[in-house]
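Read-outs throughout are calculated quantities, based only on the coordinates presented, and are distinct from any laboratory measurement. If you're wondering where the values come from, they're calculated on a predicted model, not measured in any experiment. So basically every Cβ, Gly included, is an ideal-geometry build from the backbone, and we count neighbours across all protein chains shown.
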Amino acid sequence: MIENPYERFQHEELILRDELAIDRTILANERTVLAYFRSSMTLVIVGITFLHLFRDGILPYIGMVCIPFGIALGIFGFMRYRKMHRSISEARVSLNQK
């Protein structure tokens, strides 16, 4: 498996289209992490709402599950963002060195 997906290109061979593709990948990564955070916040808010508004039945238990799941989802999204960001940064640095 290739660690750097741009390793096969020479720096001289990269054109504007390739640089813009890297920029689009960075923006897509940021959009993805924002979607994770939005989903995470929604789960936490739903969990707090269920705990606050409902005292009997199954809904308070669903609320107790939603809160830690939302926090875990936010952490997972951030870790995934950082991993992809590091990978993109390494690819860009290695391209600039050639």
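Computed values, structure above
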quantity	calculated
Under-5 Å amide H pairs with Phe54, H placed in peptide plane, nonlocal only	none
3J(HN,Hα) from dihedral phi, the range 46-61, Karplus parametrisation 6.51/-1.76/1.60, rounded to Hz, x for glycine, proline	4, x, 5, 5, 4, 5, 6, 8, 10, 9, 10, x, 8, 4, x, 5
Which of Val44, Val65 has the fewest Cβ neighbours within 10 Å, and the rest in rising order	Val65, Val44
Formal net charge of residues neighbouring Ile75 (Cβ-Cβ distance under 14 Å; K, R +1; D, E -1)	+3
Top positive-direction residue, dipole computed over the range 35-97 with Cβ charges, set Thr49, Pro60, Ala35	Ala35
Convex hull of the range 35-97 built on C-alpha atoms - directionally averaged projected area, nm²	4.2
